1. So, A:Gly244, is that one assigned to a loop (DSSP other than H, G, I, E, B), over 16 Å from the mean Cα position of the chain (by Cα) and either away from chain B (no Cβ under 14 Å) or buried (at least 17 other Cβ atoms within 10 Å of the Cβ) (or both) or not?
2. Having 3 or more residues that are surrounded by fewer than 21 Cβ atoms within 10 Å (Cβ to Cβ) and under 17 Å from the mean Cα position of the chain (by Cα) is the bar; report the helices (runs of 4 or more DSSP H) wholly within region A:178-239 that clear it.
3. Every residue in region A:75-85 that is in contact with a helix residue (DSSP H, G or I) (Cβ under 9 Å, 6 or more places away or on another chain) and surrounded by fewer than 16 Cβ atoms within 10 Å (Cβ to Cβ), please.
4. Report whether or not A:Leu160 is in contact (Cβ under 8 Å) with a residue 40 or more places away in the chain, over 30 Å from B:Tyr98 (Cα atoms), surrounded by fewer than 17 Cβ atoms within 10 Å (Cβ to Cβ) and away from every other protein chain (no Cβ under 14 Å).
5. Yes or no: A:Tyr141 touching a residue at least 12 places away in the same chain (Cβ under 8 Å) and at positive phi?
6. Can you tell me how many residues within region B:1-43 are surrounded by fewer than 19 Cβ atoms within 10 Å (Cβ to Cβ) and not in a strand (DSSP E or B)?
7. Against the condition farther than 24 Å from B:Arg174 by Cα, open to solvent by less than 50 Å² (accessible area, probe 1.4 Å) and within 13 Å of another protein chain (Cβ to nearest Cβ), how does B:Leu100 come out, does it pass?
8. Scan the strands (runs of 3 or more DSSP E) fully inside region B:283-325 and keep the ones with 2 or more residues being without any contact (Cβ under 8 Å) to a residue 40 or more places away in the chain and charged (D, E, K, R).
Amino acid sequence: MATAERRLDRLVASGPALLALALGVFPLLVLFVESLGPGLGPANYAEALSPLYRGALTYSIGVGVAVTAVCLLVAYPVTYWLAHRCPARYRLVGLVALTLPLWLNYVVLNYAWVWILARGGVVNAVLVNAGVLGQPLEVLYTEVSMALGFVYIYLPYVVLTMYVSMERLDQRLMAAARDLGATNLRVFVDVILPRTLPGAAAATLIVYARIAGAFATPEILGSPGNVMVARLVVQAVREYIDYGFAAALSFVFLVAVLASLAVGALFPRVRRELRQW
Amino acid sequence: MSALAVEGLGKAFAGEHAVEDVSLTLERGEFFSLIGPSGCGKTTTLRMLAGLLDPDSGTIRIDGTDVTDRPARNRATNMVFQDLVLFPHMTVAENVAYGLARSGVPKPERQTRVAEALDLVDLGGFGERDPADLSGGQRQRVALARALVNDPEVLLLDEPLASLDRALRGEMQREFRRIQRDSETTFLYVTHDQESAMSMSDRVAVMRAGGIVDRGPPRRLYSRPRTRFVAEFLGDATVLDGEVVGRNGETAVVETQAGRVSATSETANDHSDSVAVAIRPEAVTLGDGDLTGEVVDAAYKGFYEEATVDCGGARLTVRRERSAGGSTVQEASTDGGDPSRDRRFRVGKSVSLRVDRAVLVEDGDG
């Protein structure tokens, strides 16, 4: 009886598990075979690692790190306030307001910033007419506009993930630290940060690779001179019809992302928190 | 100079007075308890003393220095929190060392003092453990060590034993008392558990609705409560209303609903004829008394039995110790006959009572 039940359990579990595995791993395998090309050689990888593409890779990783860091810097005080200071009845309203961009098409979200930042856009119109500026700011199509767009689009994910951690943060731990002589900074470093690190790590895992590999935001809001990896991949597929190279570039990017995450995990404190998962 | 002197402390939340005009003085090395029912303002008072809550009025002096406006980190107080709140991401030693590190004690000295503090609470060698791996009693000790290691002028304890089972609570009470003596620290202990407060404290203050209603050594509060509230809160006294029909020095004869009772009166100036009389359950003897009543409820409590006796409408609680000579319930029920030898209360039975001791208490809130 017991073994029969167990067999049934396995059968029920195996279907979805296999499906998940197939959806996750199978396309990657196909992509990897493609990246090796017909000759099954490393030629595509050699090219992907050439200085021409290395620049785009490091730039993409840099943008990913910087924007993720800005999102976390913004999300920490905001989620702390929401979870611990905001009156309970306004909490849901605040959370919904902050995560509203999640429900809109993100190409539209990018174009909203074009409209806001353009020479004749809302910001410039107001500032020039008010006499604050002599002539319009040239912010659009720079790294500033790209960063604004990125933060706007990815902040909601970070806020939602961090909020869960922040809500679980025990206020009494902060009182205990204060009672034992901690300043506000020490309370943050010794209590808030370690207790919310899992949330920050989860948020990083969710947004970091997507920012580094983003296509739409740099295309719509970024400077044409700053090339990120996604544009090169799209170019290889659309213009050169070189699927093998596109696949190799994607894999190099994947490895770079994983390597940079591993660097983050080198911090002892991060490692200690991760062990608890 | 007193370790702690509080004057006219007050705090209101949304217009409601949580604490009103509380004044307290703690002598150095004293074990002082602040007790009262939940919501009486005792924890609020403690948080103000710790500096975790700003008072609306009043002053707090620690060792003669006014600390009313100082934040928690600049006060010579440390707190053992309800539910302990040990830092879960630190080891036992890191928890205990935390306060020392914040006050800039160099590492070698920190290590020695942490080891000493852990020894004091009988947890020598537990430094590298994770707080989550400890038992409830051990976590208590860590919390105590974490606060005591800083050598506070006053140690504030906020019902730290509330979550322990009865046996462990008894053990920890003895430990608290021992540690308090060994460390020569002033303890201010807040609880709703009058039993543990009375067994540990040198002095007790009883709080009600934001104010202190009475204070003194536990024996005085128990045997000669001044108010109805204190009499009822400390050890389940029955309080009966009555009229004074005769006085003889400090003793007054009071006609109550249940019958005539002689009661001692501390407040000799209380000459009003309408009074309240507090009677402790253990001050009532069964048999050959002037009062008669009917047992309406009986409960077996282990080494004693408790009955509620209806005397002319007034309900008196009566306790009777069970004799050591194996008078189990079965034996008692077959015992029968002589009521004085019957060790068991029977519901519906008529009994006569004698009140050995009673105290006149103030009615009202005061």
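The values are calculated or read from the model by the stated rules, or taken from the named source; none is laboratory data. In this text, all values refer to a predicted model and were calculated from it rather than measured experimentally. Counting neighbours? That spans all protein chains shown, and the Cβs are built from the backbone with ideal geometry, glycine included. Surface accessibility is based on the protein's heavy atoms, side chains included, excluding ligands, DNA and RNA. Shrake-Rupley method; radii C 1.70, N 1.55, O 1.52, S 1.80 Å.
1. no
2. A:193-212
3. Across region A:75-85, the qualifying residues are A:Trp81, A:His84.
4. Considered against the rule, which asks whether it is in contact (Cβ under 8 Å) with a residue 40 or more places away in the chain, over 30 Å from B:Tyr98 (Cα atoms), surrounded by fewer than 17 Cβ atoms within 10 Å (Cβ to Cβ) and away from every other protein chain (no Cβ under 14 Å), A:Leu160 comes out as no.
5. Yes: the conditions hold for A:Tyr141.
6. The total comes to 10.
7. Here the answer is yes, as B:Leu100 does meet what is asked.
8. In region B:283-325, B:304-311, B:314-321 are the strands (runs of 3 or more DSSP E) which contain 2 or more residues that are without any contact (Cβ under 8 Å) to a residue 40 or more places away in the chain and charged (D, E, K, R).
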